[in-house]
Amino acid sequence: MVSSDSEQLILVDDRDREIGTLSKGACHDGDGVLHRAFSVFLFDPTGRLLIQQRVGEKRLWPLYWANSCCSHPRVGEDMAEATLRRTEEELGVRAELEFVYKFQYQAHYEDLGAEHELCWVHIGRTAETEVRPNPSEIADWRFLTPAEVDALIADESADVAPWFRMEWRELRRAHWQRVEQLLNG
């Protein structure tokens, strides 16, 4: 794995102000402890979204489909550094990323724990269609058209991570013009 349960995450309040640190494992126990996170949506030159299937060894949502990349910034690392670092570590891809919005959510996975995150959502475009996924993080990956992603998200029986559903719906509802500008720029 690129990260471990002992890695320190940044705890935040409802206004995204840092209030301390706690191990990744402890942040995801029980109902979860609010911490800072990010999600990346990477599009290829034809406008397809890169999605990934989380490895089976993940504690929360193993083998579920998720957006291109999601993780946590390290203590002392700004969000721009964190998103670039993680897309390269996890996907073997470099891309220019731009911040779109942030939101707070909480989601439980069986009786194994929960996500409770203040998540920064980024979009990016990559010229690279050759993904070099880290096998300790990603079981499978593919590029889907926006219509194919819409269908996947709409299928409530599909194994899709809850944050991916929430973020995609919000991108489509309120920020799609930004995505189109990115793709046409």
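The values are calculated or read from the model by the stated rules, or taken from the named source; none is laboratory data. Here the structure is a predicted model, which is why all the values come from computation and not from measurement. No Cβ is skipped: glycine too gets one built from the backbone with ideal geometry, and neighbour counts run over all protein chains shown.
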The correct count of residues that are farther than 12 Å from residue 117 by Cβ and either in contact with a His (Cβ under 7 Å, 6 or more places away or on another chain) or surrounded by fewer than 21 Cβ atoms within 10 Å (Cβ to Cβ) (or both) in region 62-74 is 4
For region 149-175, pairs from a residue that is surrounded by fewer than 21 Cβ atoms within 10 Å (Cβ to Cβ) to a residue that is in a loop (DSSP other than H, G, I, E, B), with Cβ under 6 Å and 6 or more apart or across chains, are 152/158; 159/64
Exactly one of 139, 37 is assigned to a strand (DSSP E or B) and over 14 Å from the mean Cα position of the chain (by Cα), and that residue is 139
Somewhere in region 108-118, is a residue surrounded by fewer than 21 Cβ atoms within 10 Å (Cβ to Cβ), among the hydroxyl-bearing types (Ser, Thr, Tyr) and either part of a strand (DSSP E or B) or under 12 Å from the mean Cα position of the chain (by Cα) (or both)?
yes
Filter region 94-116 for residues that are of a type in the set (Gly, Ala, Ser) and touching a Gly at 6+ places or on another chain (Cβ under 6 Å); the one that is nearest to residue 58 (Cα to Cα) is 114
Per the list (1) touching a residue at least 60 places away in the same chain (Cβ under 8 Å); (2) among the hydroxyl-bearing types (Ser, Thr, Tyr); (3) crowded, with 18+ Cβ neighbours inside 10 Å, residue check on residue 129 breaks on (3)
Residues of region 82-124 being basic (Lys, Arg) and modelled with pLDDT of 95 or more, in sequence order, are 85, 86, 102
* Asked: When you look at residue 139, is it among the aliphatic types (A, V, I, L, M) and under 16 Å from residue 38 (Cα atoms), yes or no?
  -> no
For region 1-38, the count of residues that are modelled with pLDDT under 95 and either polar (S, T, N, Q) or over 22 Å from residue 88 (Cα atoms) (or both) equals 3
So, first residue more than 20 Å from residue 99 (Cβ to Cβ) in region 40-62, second residue of a type in the set (D, E, K, R) and crowded, with 20+ Cβ neighbours inside 10 Å, Cβ within less than 7 Å, six or more apart or across chains; the pairs are 55/137; 60/115; 61/54; 62/54
Of the residues in region 66-99, those that are over 18 Å from residue 23 (Cα atoms) and among the hydrophobic types (A, V, I, L, M, F, W, C) come to 66, 69, 79, 80, 84, 91, 93, 95, 97, 99
Taking region 151-167 and keeping only residues that are in contact with a strand residue (DSSP E or B) (Cβ under 8 Å, 6 or more places away or on another chain) and assigned to a helix (DSSP H, G or I), one is left with 152, 153, 162, 163, 164, 166, 167
Exactly one of 57, 98, 7, 89 is closer than 14 Å to residue 120 by Cβ, surrounded by fewer than 18 Cβ atoms within 10 Å (Cβ to Cβ) and either touching a strand residue (DSSP E or B) at 6+ places or on another chain (Cβ under 7 Å) or not polar (S, T, N, Q) (or both), and that residue is 98
